[in-house]
């Protein structure tokens, strides 16, 4: 089965991520097709791809299931395994209907971990600023309070995994620590 991901006459290809998955016993091939042009200097294309597997419990397609709230066990595992873990507040949410994504502008009060420099101070601000993406269908809205944002980096962008309110995370973490069931340590404020 061939699946067309992008055509020359389609919408702007910039900053587009296409997700797809396959069954474990299917053979998969990446197929590219180009239309010949006399002057190739104006027709340069590039692409990046990421192959993921289910061996670590994460979905092979990060677009599916992204809106579901994380349970207590998933929250504790996300703290240990996520590419980024930051405590912060939602400044704004920008919904981009063209690419079906929401961009959450976060003001981070504490960066616990980040694989890449996603959250950094800007100007004279003490707080680090950064953006986190999530599918538009999740319906993210700005709201008051402090959250613990956790997730993964895909193609250089931060994608949301779990985002419990910090007070709820703190309660779950402290309970798991008392019962010696926490999978890793993190310094609480």
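Of all the criteria given as (1) touching a residue at least 60 places away in the same chain (Cβ under 8 Å); (2) within 21 Å of residue 82 (Cα to Cα); (3) out of contact with any helix residue (DSSP H, G or I) (no Cβ under 8 Å at 6 or more places or on another chain); (4) surrounded by fewer than 20 Cβ atoms within 10 Å (Cβ to Cβ), the one not satisfied by residue 186 is (3). When 126, 153, 103 are checked against the criterion of being surrounded by fewer than 20 Cβ atoms within 10 Å (Cβ to Cβ), assigned to a strand (DSSP E or B) and out of contact with any strand residue (DSSP E or B) (no Cβ under 6 Å at 6 or more places or on another chain), a single residue qualifies: 153. Within the range 137-165, being more than 19 Å from residue 81 (Cα to Cα) and modelled with pLDDT of 90 or more holds for 145, 146. Residues in the range 108-123 that are surrounded by 18 or more Cβ atoms within 10 Å (Cβ to Cβ) and either over 15 Å from the mean Cα position of the chain (by Cα) or in a loop (DSSP other than H, G, I, E, B) (or both): 108, 111, 118, 119.
The values are calculated or read from the model by the stated rules, or taken from the named source; none is laboratory data. Quantities reported herein were computed from a predicted structural model and do not represent experimental measurements. Cβ sites come from the backbone with ideal geometry, for glycine too, and all protein chains shown count toward neighbours.
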